[in-house]
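Asks: Once you've had a glance at the structure underneath, I'll fire off some questions.
The values are calculated or read from the model by the stated rules, or taken from the named source; none is laboratory data. What you see is a predicted model; the values in this text were computed from it and never measured. With ideal geometry, Cβ positions are generated from the backbone for all residues, glycine too; neighbour counts draw on all protein chains shown.
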Amino acid sequence: MIWAKCLTVYAGGRAVVECADFEVKPGELAVFYGPTGGGKSSIVKALAGIYKSDGEYRAERPYFIFQDVDFNLVFAYTDEEVRSVACRQTERLEISKLSMGQRQLLALRLALESGAKSVILDEPLAFLDPGTAIKVASAVKELRDAGISVLVAEHRLEFFLDADRFYLVDRGVQELGFDDLLITASRRGYGPYFTRHWERPFPIPKGRGCEVIIRWMKYPPGSKIALMGPVGSGKTYTLYALAGVVKMEGVRGCRPVGFVPQNPYLYFGDIDLSKAPREVLQWAGLDRSASPLRLSYGEARLLAVLWEVWKRPRLLLIDEPTAGVDRRYAEALGEVIANYGGTVVFATHDPIFAERYAEYKIRIG
Ligand SMILES: Nc1ncnc2c1ncn2[C@@H]1O[C@H](COP(=O)(O)OP(=O)(O)OP(=O)(O)O)[C@@H](O)[C@H]1O
């Protein structure tokens, strides 16, 4: 059983979610859906006791799978414990060589075998291609079928249409039927299907592009190129080759190059905002004393892309721009990509995004 009664969650000294009520009974699957920055991860962290909160909550024998699934595999278990579960499927196991989908499946198997009565997952599908996302979503549903209370925070609603409960998380929490959830989210402008444009235009510098070569084909300066293909097909590796970090036949990038990795928090590392361009900070409504690591995933991704664009690279590389963001943020990122004068290559699992914002789509793998 998972439940909360008037749960208020605090982050960075302010209430980011107010007086939330929700419950997930044994054998039920509930979905938290809502805008980027709406507070989904903050509630998950409050349930885990990491963020401060008021009100009451309980998660019976809980097991958490955080946005960064490596936390589960690398820190929570010994290598032997992970292997004892994984090696029933594979003879040898090196976590670093597993794809994101394999890592998620492994974490889910560990959850199933842990004897947990409630499992709470934050964005399990964020980095997965549709085929792998279906497998991981089925593994999540197996937990429900085993009588566990399952709560999943996810932007990719289409994989959990058969959930038992839907909660809209937008600074508060509201239980809605599926149709009402779609209508309310669309009206408020964060998807899943219709989005509202940002009121403020983006501060995007002009920039100048360069020619790139991918799979022996030349693409002219300023091209917007999507790399598509299943997980593990080599999209990120191709981006590394374009960045000049590794060598790959038939691939050539140029300099200066900008790179925004899959995990936007890695982009920021431990730097603060004191060197960020004024235009970007103003646009994002942030002040220089804020830490980017305190932003939500989607907020951090958009800030990283805008910041990188302001360095005016001739070639901008972005790994999975829309992973873990709502449609409104996806659209914002698309606008930045489309309007920047430099060459932009991005790896994506999002066909709608690629169709809309890329001039060239290259199948990898
Ligand atoms: N440690 C923190 N310090 C200050 N503010 C924070 C902190 N953690 C989260 N926030 C803020 O709380 C709000 C909710 O963030 P949260 O990460 O919970 O959103 P989310 O719904 O999970 O978003 P996403 O879909 O992008 O992951 C955001 O405005 C974020 O900037």
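Asks: When residues of region 8-30 are filtered for being within 13 Å of the ligand (Cβ to nearest atom) and either in contact (Cβ under 8 Å) with a residue 40 or more places away in the chain or not in a strand (DSSP E or B) (or both), how many remain?
Replies: The qualifying residues number 10.
Asks: Ok, one more. What's the number of the only condition in (1) assigned to a helix (DSSP H, G or I); (2) buried (at least 22 other Cβ atoms within 10 Å of the Cβ) that VAL119 fails to meet?
Replies: (1)
Asks: Taking the condition away from the ligand (no atom under 16 Å from the Cβ), part of a strand (DSSP E or B) and β-branched (Val, Ile, Thr), does VAL136 pass?
Replies: So VAL136 fails the test.
Asks: Quick check on my filter: what residues within region 247-282 are outside any loop (DSSP other than H, G, I, E, B), of a type outside the set (A, V, I, L, M) and within 15 Å of the ligand (Cβ to nearest atom)?
Replies: Of everything in region 247-282, those that are outside any loop (DSSP other than H, G, I, E, B), of a type outside the set (A, V, I, L, M) and within 15 Å of the ligand (Cβ to nearest atom) turn out to be PRO264, TYR265, TYR267, PHE268.
Asks: Now for a separate question. Which residue pairs have Cβ atoms under 9 Å apart, sit 6 or more places apart or on different chains, and have a first residue in region 243-261 that is over 14 Å from ARG208 (Cα atoms) and a second that is among the aliphatic types (A, V, I, L, M) and part of a loop (DSSP other than H, G, I, E, B)?
Replies: What qualifies is PHE259/VAL245.
Results for (1) touching a strand residue (DSSP E or B) at 6+ places or on another chain (Cβ under 6 Å); (2) at pLDDT below 90; (3) assigned by TED's automatic domain parsing to the domain that holds LEU98, shown as yes or no for each residue.
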position: GLY250; (1), (2), (3): no, no, no
position: TYR267; (1), (2), (3): yes, yes, no
position: LEU273; (1), (2), (3): no, yes, no
position: TRP283; (1), (2), (3): no, yes, no
position: PRO313; (1), (2), (3): yes, no, no
position: ASP319; (1), (2), (3): yes, no, no
position: GLY324; (1), (2), (3): no, yes, no
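Asks: Just give me the residues in region 227-242 being part of a loop (DSSP other than H, G, I, E, B) and out of contact with any strand residue (DSSP E or B) (no Cβ under 6 Å at 6 or more places or on another chain), in sequence order.
Replies: PRO230, VAL231, GLY232, SER233, GLY234
Asks: For region 19-53, enumerate the residues that are farther than 17 Å from GLN174 by Cβ and in contact with a Cys (Cβ under 8 Å, 6 or more places away or on another chain).
Replies: Residues satisfying the conditions do not exist here.
Asks: Among what's in region 41-58 and is of a type in the set (Lys, Arg) and under 15 Å from CYS6 (Cα atoms), pick the residue that is nearest to the ligand (Cβ to nearest atom).
Replies: LYS52
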